[in-house]
Amino acid sequence: DEWAPYTLVADDPDDDSTWHPPLLPLMNELYGLYVDWDAEFLYIAVNGQVQSNSWLLYLDTDPGGANGQTNLTAIDSWERGTTFTASGFRADFQYGCYQHQGAYDGDSFFSIDSATTTTSLSDSIISDFDSSHAYGVSGGSEMAIPWDVLYGLGPGQVPANAQLSLVCSICWDPEPDGSLGGDSVP
């Protein structure tokens, strides 16, 4: 309830995942992406639930620009066979979250430096996630990303007319055979 209705930027149907476990029609499902901001941070929430899976969120900080990558099939972190074909989308950052996997529960945030390398920025953001599904369909991941992490212009500095593109997908885990699929938003 803490996210205002106008912060929902991508709604997703509750029953479109192809990875629902038997008798759990709302599991392994993404419900939407929320975005808000202030002078210091970009706030993003992934609303969803996964069991024995994870999700990846990709950010493009200059949609239609030359920065970022479209083929992440050889990336050194969270490699899940990802290739982007939408015109103008080139991922600059990725956030990954393991949920409901016991000792492996955790999340991480990386800059995408090339098609094969990333730099961990997990200590540069504030994040939390609902690994035990205590909030049910209201659970997920939330993060506050400083503008300086995204643009490198100094605290609270954002380029004029800045735009962002986001895409999130459930991913199947065990490595090295993991893959995206099941459900994605938008």
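The values are calculated or read from the model by the stated rules, or taken from the named source; none is laboratory data. Since the structure is predicted, the reported quantities are computational estimates derived from the model, not experimental observations. Don't worry about glycine lacking a Cβ; one is built from the backbone with ideal geometry, like all the others, and counts go over all protein chains shown. The accessibility values were calculated without ligands, DNA or RNA, using every heavy atom of the protein model including side chains. Shrake-Rupley method; radii C 1.70, N 1.55, O 1.52, S 1.80 Å.
Summary of values
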item: Relative contact order of the chain, defined on C-alpha pairs under 8 angstrom at six or more residues apart (%); result: 26
item: Environment charge of GLY154, counting only residues whose C-beta is closer than 13 Å and scoring Lys/Arg +1, Asp/Glu -1; result: -2
item: Backbone HN-Hα couplings from phi across the range 6-21 [Karplus 6.51/-1.76/1.60, Hz, Gly and Pro as x]; result: 6, 7, 6, 9, 8, 8, 9, x, 7, 9, 9, 6, 8, 10, 5, x
item: Normalised per residue, the volume of the convex hull around the Cα set of the range 86-186 (Å³); result: 148
item: Sequence-distant residues sharing a close amide H with VAL9 (under 5 Å, placed H); result: LEU33, TYR34, VAL35
item: Pair SER132, ALA115: separation of 7 Å Cα→Cβ label points (nm); result: 4.4
item: The range 118-186: chymotrypsin sites (Phe, Trp or Tyr not before Pro) in DSSP loop, at most 11 other beta carbons within 10 Å; result: TYR135
item: Expected-Rg normalisation [2.2 N^0.38 Å, Cα atoms] applied to the chain; result: 0.97
item: Residue-normalised accessible area of the range 1-109, given per residue in Å² at a 1.4 Å probe; result: 47
